[in-house]
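Below: the structure, in structure tokens.
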Amino acid sequence: MICSNIGINKAGHLTFAGQDTVELAQKYSTPLYLIDEDKIREKMRIYVKAVAENFPSGSMPLYASKALCFKKIYGIAKEENMGVDVVSPGELYTAAQAGFPMEKVFFHGNNKTDEDIEFAIENRIGCFICDNLDELDAIDETAKRHGIVQKILLRLTPGIDPHTHVKISTGKVDSKFGIAIETGQADEAVKAALEKKNVALLGYHCHIGSQTFDIKPFVDGAEIMLKYIAHIKESLGYEADILNLGGGMGVRYVEDDPEIDYAANIKGIADMMKSKCRELGIKLPVVLMEPGRSIVADAGMTLYTVGGTKEIPGYKNYVSVDGGMTDNPRYTLYESPYTIALANKANEPAEKRYTVGGRCCESGDLIQENVSLPKAEKGDILAVMTTGAYNYSMASHYNRIPNPPVVMLKGGESYVAVKRETYADLMKNDL
Ligand code: LLP
């Protein structure tokens, strides 16, 4: 199986976190997001332990909550001693409502409005990841009004191509995120930040992209950032205390994807950084990381009910499900691969190739193409694996389709963390 939390039981049903998915579909109805809480905690612990073992005190992984955001997840991150990365006031608000410690919140975004900055400072968040000079001015002014000195990291673009999908690649010089090192604009930003009275520059941030399997882009990115720390130490006499390496480690969606040893990757990055720091004559900085996908992706599975099939001789076989691009837009957006099974026929051999279509009025509303499945029939439960990241958090209401609930699985039990939306929920702001 694609992940250790997936199996098949005696009834021939697909299991997730040890529970019968057909029974879960009956209990909670479909479409349904399942989230394996134990798997999330296991992943968080891997990161917390590896970061603590390899980097100086104060180093910490921040859960990138854009991957999967609802109130409960911040409680889990808090209990597991993670910080969090939020990228909007909505995520920040959710973290605050969940009682997440604000000093461990890092606020991202390439276009934080003045209201966002005010809101974050009112909430006394720990640190801004400052994206540009306009934002730097706004943080300084707002912090001054509040009589505080606000901690910031500057987001820099190291000029790395992680060879991932172009829409999720962020570390190149030509990016809407951050300030480029290559052009010299980063040096100007550091000077400006050091001159601000109500801003404390703690160091730098970089993020090269998402769903990256290879460790090399991370190592290369970290090396560029260390060289930059050394360059600014020499040119301006300022040595950064913190280096935030962003997120981006890949996840196994299909059998052909490699398994990733996250702890080994972190150690590999740390070993390189230690020797590079010695060579450059700088101290090893406190290191932050921002894993999102690799914390939650394989903790998720989506269940749908098959509404029917359509065979077009000489063309394709379609299987239609009661969800689609509204709960998982990733195939429509990026042609992302997924592993799919019929949960009630998990032991039956594959018979046909199907295109899995959603229920939206849109031809591109597909979950996957060329999927080998047993013969699909109305009423079957179709399971899409590894949907924990960027599914619920990217859900939409296109065609006024309500979002499915999020049901958490923990130690053999299940509970609702986010209720199923009703038609009335969809209309609640209509006047
Ligand atoms: N830090 C920063 C600054 C980021 O921009 C991101 C992701 C992360 C951390 C977390 O990266 P992760 O560990 O999850 O790869 N919607 C796309 C992914 C967009 C990622 C955006 N930034 C998808 O569905 O693949």
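The values are calculated or read from the model by the stated rules, or taken from the named source; none is laboratory data. Everything numeric in this text was worked out from a predicted model, so none of it was measured. Note that each Cβ is placed from the backbone with ideal geometry, even for glycine, and that neighbours are counted across all protein chains shown.
Key figures
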{"item": "Segment 167-186, subset farther than 13 Å from Gly109 by Cα and at pLDDT below 75, residue surrounded by the fewest Cβ atoms within 10 Å (Cβ to Cβ)", "result": "Lys167"}
{"item": "Single residue of Lys66, Lys104, Lys112 found to be of a type outside the set (Gly, Ala, Ser) and closer than 22 Å to Val406 by Cα", "result": "Lys66"}
{"item": "Filter result for the condition that a residue is within 24 Å of Ala299 (Cβ to Cβ), more than 16 Å from the ligand (Cβ to nearest atom) and at pLDDT 95 or above, over Arg400, Arg420", "result": "Arg420"}
{"item": "Residues of segment 312-335 satisfying the condition of being among the aromatic types (Phe, Trp, Tyr), more than 11 Å from the ligand (Cβ to nearest atom) and modelled with pLDDT of 95 or more", "result": "Tyr318"}
{"item": "Unmet requirement for Ser294, which otherwise passes all of (1) surrounded by fewer than 24 Cβ atoms within 10 Å (Cβ to Cβ); (2) polar (S, T, N, Q); (3) closer than 17 Å to Asp36 by Cα", "result": "(1)"}
{"item": "Strands (runs of 3 or more DSSP E) lying entirely in segment 1-92 (those with 1 or more residues that are basic (Lys, Arg) and touching a residue at least 60 places away in the same chain (Cβ under 8 Å))", "result": "none"}
{"item": "Verdict on Ala200 being in contact with a helix residue (DSSP H, G or I) (Cβ under 7 Å, 6 or more places away or on another chain) and within 20 Å of Ile152 (Cα to Cα)", "result": "no"}
{"item": "Number of the condition not met by Leu243 [criteria: (1) part of a strand (DSSP E or B); (2) surrounded by fewer than 20 Cβ atoms within 10 Å (Cβ to Cβ)]", "result": "(2)"}
{"item": "Boolean, Tyr93 is among the aromatic types (Phe, Trp, Tyr), at pLDDT 95 or above, surrounded by 18 or more Cβ atoms within 10 Å (Cβ to Cβ) and over 24 Å from Ala186 (Cα atoms)", "result": "no"}
{"item": "Subset of segment 297-311 that is surrounded by fewer than 22 Cβ atoms within 10 Å (Cβ to Cβ) and among the β-branched types (Val, Ile, Thr) - its residue that is farthest from the ligand (Cβ to nearest atom)", "result": "Thr309"}
{"item": "Subset of segment 201-227 that is under 25 Å from the mean Cα position of the chain (by Cα) and in a strand (DSSP E or B) - its residue that is farthest from Met272 (Cα to Cα)", "result": "Leu202"}
{"item": "Selected residue [away from the ligand (no atom under 16 Å from the Cβ), under 27 Å from Asp36 (Cβ atoms) and either of a type in the set (Asp, Glu) or outside any strand (DSSP E or B) (or both)] from Lys283, Lys267", "result": "Lys267"}
{"item": "Residue in segment 246-264 that is assigned to a helix (DSSP H, G or I) and within 11 Å of the ligand (Cβ to nearest atom) present", "result": "yes"}
{"item": "The lone exception for Lys310 - which of (1) part of a strand (DSSP E or B); (2) touching a residue at least 24 places away in the same chain (Cβ under 8 Å) it fails", "result": "(2)"}
{"item": "Flag if Tyr338 is among the aromatic types (Phe, Trp, Tyr), farther than 19 Å from Glu23 by Cα and within 16 Å of the ligand (Cβ to nearest atom)", "result": "yes"}
{"item": "Every pair of residues 6+ apart whose Cβ atoms lie under 7 Å, when the first sits in segment 130-144 and is in a helix (DSSP H, G or I) while the second is of a type in the set (Lys, Arg)", "result": "Glu135/Lys112; Leu136/Lys196; Asp140/Lys196"}
{"item": "Tally of residues being buried (at least 19 other Cβ atoms within 10 Å of the Cβ) and within 22 Å of Ser210 (Cα to Cα) across segment 37-67", "result": "16"}
{"item": "Residue, surrounded by the most Cβ atoms within 10 Å (Cβ to Cβ), within segment 118-161, restricted to residues that are modelled with pLDDT under 95 and either among the β-branched types (Val, Ile, Thr) or touching a Leu at 6+ places or on another chain (Cβ under 8 Å) (or both)", "result": "Thr157"}
{"item": "Residue satisfying all of: in segment 196-227; away from the ligand (no atom under 16 Å from the Cβ) and acidic (Asp, Glu); surrounded by the most Cβ atoms within 10 Å (Cβ to Cβ) among these", "result": "Asp220"}
{"item": "Exclusive hit being in contact with a strand residue (DSSP E or B) (Cβ under 7 Å, 6 or more places away or on another chain) and among the aliphatic types (A, V, I, L, M), set Ala98, Ala77", "result": "Ala77"}
{"item": "Criterion (away from the ligand (no atom under 11 Å from the Cβ), in a helix (DSSP H, G or I), in contact with a strand residue (DSSP E or B) (Cβ under 6 Å, 6 or more places away or on another chain) and farther than 30 Å from Met1 by Cα) met by exactly one of Ala193, Ala230", "result": "Ala193"}
